[in-house]
1. Could you give the C-alpha radius of gyration of the chain expressed as a fraction of 2.2 N^0.38 Å, taking N as the number of residues it contains?
2. Given 0.36 nm per residue, what is the gain on full extension from Ala235 to Glu264 after removing their alpha carbon distance, in nm?
3. Restricting everything to alpha-carbon atoms, can you work out Rg to Rh for the stretch 143-209 with a Kirkwood hydrodynamic radius?
4. Taking other Cβ within 10 Å of each residue's Cβ, how do Met199, Met109 sort, fewest first?
5. When the chain is modelled as a GNM with alpha-carbon springs shorter than 10 Å, which of Ser226, Ser200, Ser50 fluctuates the most?
6. Across the stretch 10-211, how many lysine pairs, 8 or more positions apart or on different chains, have C-alpha atoms separated by under 29 Å? Please give the number.
7. Please give the calculated 222 nm ellipticity per residue for the chain, where each DSSP H segment of at least 4 residues contributes -39500 (n - 2.57) and the sum is spread over every residue; nearest 500 deg cm²/dmol?
8. First select every other residue whose beta carbon is under 13 angstrom from the beta carbon of Asp203; then total the charges, Lys and Arg +1, Asp and Glu -1.
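Every read-out reported here was derived from the displayed coordinates using simple, explicitly stated rules and does not represent laboratory data. Computed from a predicted model, the values in this text were never measured in an experiment. Please note: Cβ atoms are built from the backbone with ideal geometry, for glycine as well, and neighbour counts cover all protein chains shown.
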Amino acid sequence: MPESTLPGWVKVERRGPTAILIIDNPAKRNALHPDLLVDFLAALDAIEKSEVRVLVLRGAGDKSFCSGFDISAIPTRIPPSEFSEKSPRNIVQEVIGQLEVFRVPTIAMLNGHAWGAGCEMATVCDLRVAVKDATFGMPPAKLGIIYSPRGLTRFLHLIGLANTKEMFLAARPVDARRALGMGLVSHVVPREDLEPFVMSLADDIAANAPLALQGMKRILAACVASCAIGPQDEAEAMRLIAESFASNDLVEGQAAFLEGRKPEFKGR
C-alpha cells in the first residue's frame, strides 16, 4: 500500500514497513462517530491486505488519542428486544475485535487522552506508548451504561481485578504515571520524544521474523480467549446491558454530558 490519505474520518500513512492509521476527528477529540468506524474498518482491511509488518494507531492533533464513542450519537430508550440490532456497541466492538486479532503487531501511539472505547481500543494494541500528560478513563457508569463483558475482560487481563473495578466503578481519570504502574501503558515519554520512540520501536519489531511475530500473537490470543466467560453468563450480561440502554438513567446521563452538568440518576 503506497503512502496515502483515505477520504473520510481516517488517514493512513506509510513509512517503510510500518503503516500509521490516524483517527481524524479532532473537532470532537477524535470521538468514534459511527461513520468514522465504518471508515476505520475499511482502512484496517486495506492495511491488512498490504505488505506491512507493523501498524501504529494514533489520533489527529496533539490533544486526544480518542475520547471514545460520540456521546451525541448514542441511541437511548432502545427496547431490550431491539437492543442487539440497534446498539452502537456492535460496530464499536467489531472495530476493536478486528484490531485485537490484527495480523501484524500493533502499537498505540497515545498522543493525548484515551477515554471510553478509545481507551479499550488502546488495550487491544500489542504495545502502548503514552505522552506524559495523557489521561485514561472509563466513564460508562457516569452515563448509565453497563460495559460489555468482553470489554471488561480485556481490562481485567491487562490491569487486574482491583484496578479494573476502580476504573469502571469510580470512573475517575488515571494519569499517565498511574497508567504505567497499572500496566495500562507500556511506556511514558515526553511529547517531543513520542513519535521518534514509537517509530524506533516499530522498526525493531519490523526487523524480526514476520511468521514468528504473527504466530506468537495468535498463541497469546488463544491463551487469553481460554479465560472467556461462558454462554449463560454472557446471556445474563447482555440482558443487563440491554436494560441499561432502555433506562431513564441513560437518557439523563447523555443529557447531562451534553449540557455540561452533573447527572441526577434515579436507578431506573
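1. Details: Rg = 18.2 Å, N = 268, 2.2 N^0.38 = 18.4 Å.
Here the answer is 0.99, to two decimals.
2. On the way: separation 29, 0.36 × 29 = 10.44 nm, distance 2.92 nm.
Contour length minus Cα-Cα distance gives 7.5 nm.
3. Values: Rg = 15.4 Å, Rh = 14.1 Å.
We get a ratio of 1.09 for the stretch 143-209.
4. Numbers: Met199 18, Met109 27.
Listed from fewest to most nearby Cβ atoms, that is Met199, Met109.
5. Ser226
6. 18
7. Details: 12 runs with 124 residues, N = 268.
Result for the chain, helices only: -13500 deg cm²/dmol.
8. Values: positive: Arg15, Arg53; negative: Glu195, Asp204.
Result for the neighbourhood of Asp203: 0.
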